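First comes the structure, then the notes that go with it.
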Amino acid sequence: MSEVPPTGSQTGSQPGPEPGPESGPRPPAAPATGSAGRYQRSTNGLIGALLITLLFIGAFVAFRAINRDTPDVKPTRVDYLSAVDAAQQSGFKAVYPPTLPAGWIADSIHMVPGDRPAWGLGMLTADGRFAGVRQEDAPLDQLLQTYVDEHPTQGPTVRIDSPVGSKWQSFSDSGGDHAYATELGRDVVLVYGSASPEDLRTLAADLTTARR
């Protein structure tokens, strides 16, 4: 009985060559027309959108800064008479007003002990302006530069009936501050601030060194 060759095979046939790479010239690739242009337009659009966003953010921040409510910070009232008591107990005759005019508050105290003590009292008037008292063994020019202005304008000597002195030198600056100065022993007493000259003279007239 003769053998039947497997289906699909032929006796003596050789396997055909495997397909190889195509020979001959290839057609040129189609140019990527429009790609670079689209990329450039996309970049420009992104930059433009970013600039608009930044401008919007800046305008929003500026708007919030302009319209933000300023917190209402109330001054802290200090017991300056207790500080006067402590100064007197140490042997220092601090100048002070026994009482304050209606609506005034004392909101700061400055005391430097030692062989050359210094004393300071800060107040706010009824209309919210500052009035200060400084007592120190220091040159008047130095105190004026520190508490009034580097180049204050000197006015006339005025008379103020006060237990600490009757003749007071007057000063002012271009910013609207005023000051009155007198001597008490080795110390200079300076009444100064943005309060009106009338309020400062009233404060100077009330000053005393009386023991409490």
Problem set entry | Cα gyration tensor of the stretch 80-206 - equivalent ellipsoid semi-axes, whole Å, descending | 21, 18, 14
Exercise. Residues in the stretch 92-133 near a label at residue 74, defined as backbone nitrogen under 15 Å from the 7 Å Cα→Cβ point?
Worked result: 103-107
For this session: Please report 115, 177 as a ranked list, fewest other C-beta atoms within 10 angstrom at the top and most at the bottom.
Result: 115, 177
Seminar exercise, completed: Here, GluC sites (Glu not before Pro) of the stretch 110-189 satisfying both criteria (DSSP loop; at most 16 other Cβ within 10 Å) are 150
Problem set entry | Extension reserve of the residue 167-residue 90 stretch, reckoned as 0.36 nm per residue once the Cα distance is removed | 24.9 nm
Exercise. Relative to the present Cα-Cα distance, how much length would full extension add between residue 145 and residue 108 at 0.36 nm per residue of separation?
Worked result: 11.3 nm
Exercise. Order of 162, 82 from fewest to most other C-beta atoms within 10 Å?
Worked result: 82, 162
For this session: Return the FRET efficiency for the residue pair residue 184, residue 126: r is the Cβ-Cβ distance, R0 is 22 Å, and the value is rounded to the nearest 0.05.
Result: 0.20
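We did not get these values from a lab; they are worked out from the coordinates using the rules stated. Keep in mind it's a predicted model, so treat the numbers as computed, not measured. Every residue, glycine among them, receives a Cβ derived from its backbone with ideal geometry; neighbour counts consider all protein chains shown.
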